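So the structure is just underneath, and the comments pick up after that.
The values are calculated or read from the model by the stated rules, or taken from the named source; none is laboratory data. Note that the structure is a prediction, hence the values are computed from the model and not measured. Here the Cβ is made from the backbone with ideal geometry for all residues, glycine too, and neighbour counts use every protein chain on show. The accessibility values were calculated without ligands, DNA or RNA, using every heavy atom of the protein model including side chains. Shrake-Rupley method; radii C 1.70, N 1.55, O 1.52, S 1.80 Å.
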Amino acid sequence: MRSLNGFDISSLSSLLKINRSVLIVLPLFLIGISLITWRLVAYGQQRTLEYQAIGIAEIIARQAGSARSVYSRYVVSKLGGDGFGAHIESGDKIGFVPLPAQFLKLFGREASAGSDGLFHYKPISKWNLESSQGLDDEFKHWAWNELEKQDIANPEQAIDWKAIWRFEQIDGFTTLRYLRADPASADSCVSCHNAYENTPEIIERRRQNGQETGKQWRKH
């Protein structure tokens, strides 16, 4: 069929159908591209935040370790030279200060309290000398086992410990859980911990937890 101007009416009808299809498909295509772009940007932002959180956690852990080392090297050693030193019951003894591990716990409490809820940390151990510093949730048990896999029975030098971490949903927030090894770097630290393992209180705690008694450590 021909029009008065010579156009093919059937062809014009097909063209109109194509144009309508384009008008329907194009917005859907643009919406799809926008959604993909948004997801990629959101993923990139999330990965950036996670990377920054891991970096901050490492800084906090290193700062805590440095504070404990300075305390041991300059405070405890000075008092030791004066005939006093550090003691687990320092509160009842004149001239004595908390053990380095106790100082680290107190330091962690103060730092966490002043962080406005952004982070908190404390020393923990499967072989804890203080009952509140044990492995009390699934992450701590899992992360501690992962750290133990890196241990060496008789290290001749410092072990290249790798931190163990993962992100969890806690109270509706994505939260980084981060566990870093705190190896013994001095013979005095080792001998102190080894001595406590032979005290009646710690022996009983190990038995209650189903752990071996009389464990002895080495440096690193």
Quiz prompt | Output for region 126-154, where each listed residue is under 24 Å from Asn198 (Cβ atoms) and open to solvent by less than 70 Å² (accessible area, probe 1.4 Å) | solution = Lys126, Trp127, Asn128, Leu129, Glu130, Ser132, Gln133, Gly134, Leu135, Trp144
Self-check item: Which numbered condition Glu89 fails, given (1) open to solvent by 80 Å² or more (accessible area, probe 1.4 Å); (2) charged (D, E, K, R); (3) within 17 Å of the chain's Cα centre (by Cα); (4) within 18 Å of Cys189 (Cα to Cα)
Solution: (3)
Quiz prompt | Number of the condition not met by Glu110 [criteria: (1) modelled with pLDDT of 90 or more; (2) part of a loop (DSSP other than H, G, I, E, B); (3) out of contact with any Phe, Trp or Tyr (no Cβ under 9 Å at 6 or more places or on another chain)] | solution = (2)
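Which members of region 149-170 meet the condition of being of a type in the set (Lys, Arg) and in a loop (DSSP other than H, G, I, E, B)? First the steps, then the outcome.
Here is the first cut: in region 149-170, the ones of a type in the set (Lys, Arg) are 149, 162, 166.
Within region 149-170, Lys149, Lys162 qualify.
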Practice problem: Identify the single condition in (1) under 25 Å from Asp137 (Cβ atoms); (2) surrounded by 12 or more Cβ atoms within 10 Å (Cβ to Cβ); (3) of a type in the set (Gly, Ala, Ser) that Gly172 does not satisfy, given that it satisfies every other one. | Solution: (2)
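Counting only residues that are among the acidic types (Asp, Glu) and either modelled with pLDDT under 90 or within 30 Å of Gly80 (Cβ to Cβ) (or both), which one in region 113-141 is nearest to the chain's Cα centre (by Cα)?
Checked region 113-141; the qualifying residue nearest to the chain's Cα centre (by Cα) is Asp116.
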Self-check item: Matching residues, region 185-202, being surrounded by fewer than 16 Cβ atoms within 10 Å (Cβ to Cβ) and within 30 Å of Gly55 (Cβ to Cβ)
Solution: Ser185, Ala186
Quiz prompt | The lone exception for Trp165 - which of (1) open to solvent by 40 Å² or more (accessible area, probe 1.4 Å); (2) touching a Leu at 6+ places or on another chain (Cβ under 9 Å); (3) more than 20 Å from Gly65 (Cα to Cα); (4) modelled with pLDDT of 95 or more it fails | solution = (3)
Quiz prompt | Residue in region 100-111 that is within 17 Å of Arg166 (Cβ to Cβ) and among the hydrophobic types (A, V, I, L, M, F, W, C) present | solution = no
Quiz item: Do you know which residues across region 71-95 are under 17 Å from Glu130 (Cβ atoms) and outside any helix (DSSP H, G or I)?
Solution: Ala86, His87, Ile88, Glu89
Quiz item: In region 203-220, what count of residues is obtained for those that are farther than 18 Å from Asp182 by Cβ and either part of a loop (DSSP other than H, G, I, E, B) or open to solvent by 80 Å² or more (accessible area, probe 1.4 Å) (or both)?
Solution: 9
Quiz item: Within region 186-220, restricting attention to residues that are touching an Asp or Glu at 6+ places or on another chain (Cβ under 8 Å) and of a type in the set (Lys, Arg), which residue is modelled with the highest pLDDT?
Solution: Arg206
Self-check item: Arg47 being part of a helix (DSSP H, G or I), open to solvent by 80 Å² or more (accessible area, probe 1.4 Å), farther than 20 Å from Val97 by Cβ and basic (Lys, Arg)
Solution: yes
